[in-house]
Every structure is written in structure tokens, then in C-alpha cells.
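Here is the structure we will look at.
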Amino acid sequence: MTGDPRLRDRLQVAAESYELDTEAARSSVAVGVQTRQRNRRIAAFVVVAVIVGLLVDAVTEAPFDHGMPANPSPSVVVPPRTLSRGHQDAAILGLDGSPIGRIPGLPADASELDLSPDHRMLAFVTADGGVQARIATIQVDGTHLRMLTPQNAIAEQPAWSPDGSRIAFKWSPDGGHTDIYVMDADGSNFTRLTRDPFEDSAPRWSPDGSTVIYVNAGTRRWKDQQFLQSPDIYTVPAAGGHPTRLTSEPGPDLYPDYSPDGTQIVYRHGDELRVMNADGSGSHVLLPSGSYFAPRWSPDGERITYGTYSGSYRPNVGFEGTKLKRPLLILHVLDVATGASSPVGRTGFVYDLNAPIWWSNDAILIRRVGV
Amino acid sequence: MHLDSDALATSPFSFDEVFAEMFPKVARTAGLVARDRQLGSDIAQEAFTRLYERWDRIASTDHARNFALRVAVNLARSHLRRRAAAPFGLRGPEIRVSDATASSDAWLVVAQALGDLSPTQRVCVVLVDYADLDTDDVGTILGIAPSTVRVHLARGRHKLRAALSLPEEDER
């Protein structure tokens, strides 16, 4: 296929219309190499120390060797630790924000956590030292890290099925737009659920496991700087079938999550936090115009967590080898019956896909960042 | 840069030479794919850091070029995808209004026009029509068949010509 000289000229003129400081870049590469070599030495030391610590723990007390109850007490996890500003951990917090425990062993770039229904495993996204986001699982004791999706395609937003046997996620095996897929929890048996030509994202399961709800980016053209102009919420049978559109009002509909009884869906419409019936009817405002991200319903259905944007601080968080400033979200809890909402201490998380997870009715697991 | 490892000493070409020759092209390529000039430079630095770390396994300058471009393009695409997944753009925190540091209209016009292409179309057009790779190399970098690259390339060129108000070429 021959090239187009006019296109080539336009691209070349644009690309070379600005100066590059190559010398500064070369110095940065040298510093980057040295920093990584030093970090690897530190990491090797830490790994040895952790292994020694785990061995000591195993001798003195081995709570995970004897199996966990279906809904274990947060006290069984590793004790919390102080979190420095800009650093992340996976913490279990009381509703007043007080740390109860933490999940050890996650990669530094782990994000988009989801907890298996039996509380034994976490699914999450990591680049695992590579360049592409992949889905992995790890036991909540920090062992048995396992990469589930292949290296050559970006996979994100894992969501465990209610019976813990499958994981829904968004994927683009060919590098194009993403669709919703499900796989077995061991990374086998990939099944494609959606086939539309637009970006599909944010899958969540209905409590009975029959349906996956997701966001379709809509019929507008996808642009990276003017994206998700009119996303709507759809459902699709988890066993495969035709999607059903639930929202159609003008304005973006995002972050759907089922109530624990499966009769309602919380989501954001425009600037509002809304609730609708599971069939898309009866939409009404839960919280008026504001900043609401990643709502999640508590197991008893009485509360909803969500994040609100804080523009005062943008933590510099690493992923896929780069460090980028990310918007900071402050964790809130809403009482559904009264409409009263309050922040959970000064708990922050970066990136709206790091949705908080209800560990129990009184505790939240969150990929928090020190603020 | 201090390069004195045994692996590097056995290489018939030096990392510094490769860096000096290829960094600008990789940075500008990543900048076009990401439509962000500063990010292009940052991504290229990361790509060359990774290239340095595996220098003992680099067999040729073409291998080095393809590796650096593959990392850079994948980082740029990941950045776009993750930014797209986070709809902060609806409200402002992630949205870019215009590049205040833009030094030329040429950049702004082309960067805007590239937004009409899907990420894969954009990568194919930029790698072929700016970075001068052939479709076989682009297929290797993207992990897709050369015939698929040609499809994305044709569609991407068509969209880019339309966005830039250029007449259609006869694609052969």
C-alpha cells in the first residue's frame, strides 16, 4: 500500500513543529535505570523479609491455613499501617475511616479491586512489570498471585460473579473498542457477551448471577479527549444473548451497581446520583447535582459508598511504567433511608475505577491513597 | 549515560547511538498517538529505559527500533484507554481544552484531526506515514496481521484526509 505524500507532510510538519530536549531525556533515562536497579535491590530485600515474616507467622499462627469463614472478620487480615501521602494500600476501614486491616502482597500498580463473594480472593488490574493492563487474582493473605488474561491485550474492570465461579471484565483482544467478556475464575473459558461497535465498560453482576450490567459509550464517535459523550446503561444475559438498554435520557449514565436484592440499580446520570428499578423504570434522584463517582451498595442495602472529586491534590500514581497525576476522590457513605451523606474520615482514592468495596456492612475495602 | 555492562560491551552498536538516532522519532510518534507532545517525550523516556534494561537481548538496530516503538505505542494506547475509561472529562478534571504551550497551528490542527481516528487506526497511520514502518513491522508491533493493519490504515487515512480537508488518494 503506497503512502500519501500529503498526509506524510502534514504529520511530519506537525510532529516536528516543536523542540525536543534530547539531552535532558537521556539524563532522565539514565536516572530511571539507576532508580529501577536500586528499587529491585530493595524489593529483593523486602521479599526476603516478607518470606521470613510469613514463615514466622505460619509457625505461630496460620489463620488462612485452616480455611476462612464465608464472611470472615476483618480482624483476620494483616494489621493496618500508616500510609504516607501519595502512597497506596488496600485497606479495610470502619465507617468512621479508622483502619482495621489491609490486604498484603498486591503489586504496587494494582487497581480496580474486586472481592470474591467468599472473601478469599481479590481480582484486580496490574501491568505486572509489562506495558499492558491485565487482570490478576490474589488471595487476601497476599499469596497465590495469578495472571488471568494474556499479555497482548488490555483487560480491565474485573467483577466477580455472585457464586465466585466467573469474572466479568472489559477486554479488547484486537486493540479496538472494548466489549464485555466473562471468564472462569481461573482464567479459562473466555466468553464474549457484547458485540457492539462502541466502548463497553464497568460490568457488574446481578445478585442472582443471571445478568451483567454495563455502560455502553453510546452512538457518538469515540474520541480520547471528548469521550463518553452519551453513555447509556445496558444489561446482557450472563449466559449470552441480546443486550437490553435501560437508560435513554439525554446525558451520560455511568457506574451502575445492583442493590443486594437485585430490584434496583444505583447509577450516576449527568451530575446526579440516581436509583432506578432493575428494568430501567422508575428512575429518581438520590442525590442532586454534585460530584459522584463509583457508587456501591452495601450488603444490607442500607448504605451506598461513592467518591467525590477533590481538586486540591492530584496524587502522582504509577501504572504500566509511567507515573501520572490522577484525580483524587474522597470516600463518602450515604444512608439510603435518610439521604444523609458524610465522608469516611479523610479517605481518598485515585481514579474512579478504584471503586470502594463493602467488606461487611460495617467495613469497606478500598485501594486508598495517602492524602 | 554510563553504559559499561558486559552485555552492552558485546553489542556491535551502542545504546547511546541508538538513543541519539531514534529517541526523537519515538517521542514524536508517541506524541502523535497520544496527541500530547509532553506525554510523548515522557513515554519515549520510559520506552528507552526498558530498552536499556534488555539491551543484552537486542539483536539489531531494527530490533531496538521496533521494541522502543512497541513499548511507546502500547503506553500511549494504554494511557488513552485508561483516560477514556475514566469519565472525568465530563466534568473537567481530565479534560484538555487546548494546548497552551502549542508553538504551531500545524500541531493543533493535526492533533485535533487525529482525534477522529480510532486508537488502532491512529497508531497504524502514525507508524506508517510518520515513522516510516511497513505494515509487516506495524503488525509485529501491534500483534495483529499485516492485512488487518492495512484495513486500519486505509480507514484511518480516509478519516484523516477528511479531517484535514485533503483529497482522496488512490490506495493501492
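Readers should treat all values here as calculations from the given coordinates under stated rules, not as data from a laboratory. Since the structure is predicted, the reported quantities are computational estimates derived from the model, not experimental observations. Every residue, glycine among them, receives a Cβ derived from its backbone with ideal geometry; neighbour counts consider all protein chains shown.
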Query raised in the report: What is the order of A:Tyr351, B:Tyr52, fewest Cβ neighbours within 10 Å to most?
Result: B:Tyr52, A:Tyr351
Report summary line: Final fewest-first order of A:Asp279, B:Asp129 on the 10 Å Cβ neighbour count is A:Asp279, B:Asp129
